[in-house]
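The values are calculated or read from the model by the stated rules, or taken from the named source; none is laboratory data. No experiment lies behind these values; they were computed from the predicted model shown. Every residue, glycine among them, receives a Cβ derived from its backbone with ideal geometry; neighbour counts consider all protein chains shown. When the accessible area is computed, the model is the full protein with side chains, heavy atoms only, and any ligands, DNA or RNA have been set aside. Shrake-Rupley method; radii C 1.70, N 1.55, O 1.52, S 1.80 Å.
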Amino acid sequence: MSKLKSIPKVPWLNSIANLLRFVENPIPVVTETIEKYGDTYAFYLGGIRYGIISIDPEFNQHVLQKNNRNYGKTNLQLDILGKYVGKGLLTSDGDYWLKQRRLIQPGFHRSKLALLTEIMQGVCDDFVQELNIEIDSGKEDFEIDEKMMELAFRMVAKSLFSTNYNDEMLNALSGNITILQKFIIREVRQPYLNWWFKLSGKINKHLDIAKDSDNLLLEIINERKRSGEQKDDLLDMLLSSRYEDTGEGMGDQQLLAESLILFVAGHETTANALAWLMYLLWKNPEVLQKLRNEIDQKLGDSKAGFEKLREMNYASQVIKESMRLYPPAWIMDRVALNDDEIMGYKIPKGAMINCFIYGAHHSEKYWPDAEKFDPDRFEPENVKARPNFTYFPFGGGPRLCIGQNFAMMEMQLILIELTRNFDFELVEDKEIVPQPLITLRPKNGIRMKLKKRQP
Ligand code: HEM
């Protein structure tokens, strides 16, 4: 190990000097530091600890894929998130995680997703109809980011529970999850206030809210169990899956944790991706036109359907390029479980590693004219020409997002229905800027005028 280089380190005084800016918005600070120190650098974390940030594809591939066993999840997901949502796919590591992943993975197989297309199309159609009613009643401006949040939440809810819930339950659940997410961000961003959160009863209050969500979910799950009904939805998949070794199914606590995690992991990410997508399409009318041409040529007036979606190449390129510029999961963190070596750099046990997805997606090295929105970057030959891990909005390696295909299908369906049914125009009354919280959301929202499109 002695011959190994050390990672370029930002002097601790500089790290501290930038702390306030970093807490406000880490993206510009990290981007500037990369320009100065290179694609992989170390920064001061407090005490004697340093963290590492990288946009280097080889480095990130090593962490997430090649030697992934040496890089565990940090306490951010395992403990802070886990405390509220329970132990499940997103919030566990090691053998337990692998066991859950093997159990749940088949539920996201292509054949299962095909069964969800109809449910998703139904949610889209209802949403379009509701928008039409609002427009007919004289409404012009819509908070697109909020609308997308509502829509993405319903998509997960319907895909999980198809018919077994009512709107009241759903609103309560959605409200609870929003409150929990806001508090989790505070716990992560202000760890020095942890003593106060405990003392003032805030943590207990939020644990109660989590318990409330569990009770709502439990009611739905028990009703399904009692009825003995079979539905082609994700809950059915969770209920009917069996562990290979024991042949038994999941217990109630596991079912609860995994369902809640699908909500948490699956709705805000997709909603933000869709809000940015609408914004980029408004900014790039020639891309919108090309997309509409594809819809006209390949679908005419008919609904997409599972097989047809696979032929909508341009729609999928547009979504991918949008998630390049605004990756909903903008950073991923891991901790080194043992000493390691990456590209000649020494990685000490305990080092906290941040794979900076946003930075990798904006690097001029791999993305000429990086700020330009150009879906042709995702033409197959262009994709082949780029190294792996220059683009990884869904993460990578064994912990690749389990909902990747679900999300792509959902976003395609929504994109098709929104662009064929509505014209949209940004209400330019506020600055559109990304705000990196747990996901990358538009800080001041995105407000748009929607008009019905003439067929
Ligand atoms: C545009 C939408 C989405 C994006 C950008 C996204 C991104 C990601 C990323 C980057 C990870 C890896 C996190 C890590 O390892 O630290 C992840 C994991 C995960 N995602 Fe997604 N996701 C999206 C949609 C969804 C949907 C729709 C679902 C479920 C319906 C979902 C469920 C999950 C789960 C359960 C995990 C944990 C997987 C594991 O560790 O085995 N995601 N997602």
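Compute the signed sum of charges (Lys and Arg +1, Asp and Glu -1) over the other residues within less than 12 Å, Cβ to Cβ, of Asn132. Can you show the working numbers first?
Working: positive: Lys139, Lys451, Lys452, Arg453; negative: Asp125, Asp126, Glu130, Glu134, Asp136, Glu417.
Once positives and negatives cancel, what remains is -2.
Work out from phi, with θ = phi - 60° and the Karplus expression 6.51 cos²θ - 1.76 cosθ + 1.60, the ³J(HN,Hα) of each residue of the range 381-397, listed in order in whole Hz, and give x for Gly and Pro.
Couplings: 5, 6, 5, 4, 6, 9, x, 4, 6, 8, 9, 8, x, 9, x, x, x Hz.
Contact order normalised by length for the range 370-451, with contacts defined as Cα pairs under 8 Å and 6 or more residues apart; what percent is it? Walk me through the numbers before you get to the answer.
On the way: 44 pairs, mean separation 15.7, N = 82.
19 percent.
In deg cm²/dmol and to the nearest 500, what is the mean residue ellipticity at 222 nm of the chain if only DSSP H runs of at least 4 residues count, each as -39500 (n - 2.57), divided by the residue total? Each step should come with its number before you reach the end.
Details: 19 runs with 246 residues, N = 455.
So the calculated ellipticity at 222 nm is -17000 deg cm²/dmol.
For Tyr37, Tyr358, give the ranking by accessible area with the largest first, probe 1.4 Å. All intermediate terms of the calculation are to be shown ahead of the outcome.
Details: Tyr37 60, Tyr358 30 Å².
Order by accessible area, largest first: Tyr37, Tyr358.
Give the peptides 218-231, 282-295 in descending order of average Cβ contacts within 10 Å, highest first. Please list the in-between numbers first.
Numbers: 218-231: 13.6, 282-295: 15.6.
In decreasing order of mean packing, 218-231, 282-295 become 282-295, 218-231.
Tabulate in residue order the Karplus-calculated ³J(HN,Hα) for the range 252-259, using 6.51 cos²θ - 1.76 cosθ + 1.60 with θ = phi - 60°, rounded to whole Hz; enter x for Gly and Pro.
These are the phi-based 3J(HN,Hα) values: 4, 4, 5, 4, 5, 4, 5, 5 Hz.
Please go through the range 1-109 and write out the trypsin sites (Lys or Arg not before Pro) that DSSP classes as loop and that have at most 10 other C-beta atoms within 10 Å.
Details: sites: Lys3, Lys5, Lys9, Arg21, Lys36, Arg49, Lys66, Arg69, Lys73, Lys83, Lys87, Lys99, Arg101, Arg102; in loops: Lys3, Lys73, Lys87.
The qualifying sites are Lys3.
Before anything else, pin down the relative contact order of the chain: Cα pairs under 8 Å, at least 6 apart, normalised by residue count, whole percent. Walk me through the numbers before you get to the answer.
Numbers: 596 pairs, mean separation 115.5, N = 455.
So the answer I get is 25 percent.
Probe radius 1.4 Å, ligands and nucleic acids left out: which of Asp296, Asp233 has the largest accessible area, and how do the rest follow?
Sorted by accessible area, descending: Asp296, Asp233.
If you count only protein heavy atoms with a 1.4 Å probe, what accessible area per residue comes out for the range 55-452, rounded to a whole Å²?
Details: 17830 Å² over 398 residues.
On a per-residue basis, the range 55-452 sits at 45 Å².
Among Ile331, Ser259, Asn405, pick out the residue whose Cα is farthest towards the positive end of the charge dipole of the chain, where Lys and Arg carry +1 and Asp and Glu carry -1 on C-beta, about the Cα centre.
Of the listed residues, the answer is Ile331.
Roll a 1.4 angstrom probe over the protein heavy atoms and tell me the percent of accessible area of the range 1-49 that is carbon or sulfur.
Numbers: 2080 of 3350 Å².
Ligands and nucleic acids excluded, carbon and sulfur give 62 percent.
Taking Lys430 as the anchor, which lysines have their alpha carbon closer than 29 Å to its alpha carbon, excluding any fewer than eight residues away along the same chain?
Cα-Cα hits under 29 Å: Lys139, Lys147, Lys182, Lys283, Lys290, Lys320, Lys372, Lys443, Lys449, Lys451, Lys452.
Can you tell me the dipole magnitude for the range 171-254 around its Cα centre, using point charges on the Cβ only (Lys, Arg +1; Asp, Glu -1), in Debye to the nearest 20? Before the final figure, lay out the partial values.
Numbers: 12 positive and 14 negative charges, 147 e Å.
Using only the charged Cβ atoms, the result is roughly 700 debye.
Rolling a 1.4 angstrom probe over the protein chains, ignoring ligands and nucleic acids, what is the accessible area of Val383 in square angstrom, nearest 10?
For Val383, solvent-accessible area is about 70 Å².
For Val30, what accessible surface area do you get with a 1.4 Å probe? Give it in Å², rounded to 10.
Surface open to solvent at Val30 totals about 10 Å².
With every protein chain left in place, what is the accessible area of Thr246 in Å² (1.4 Å probe, nearest 10)?
Spelled out: Thr246, probe radius 1.4 Å, area about 90 Å².
With a 1.4 Å probe and every protein chain kept in, tell me what percent of the accessible surface of the range 362-455 is carbon plus sulfur.
Details: 2190 of 4490 Å².
Whole-percent figure for carbon plus sulfur exposure: 49.
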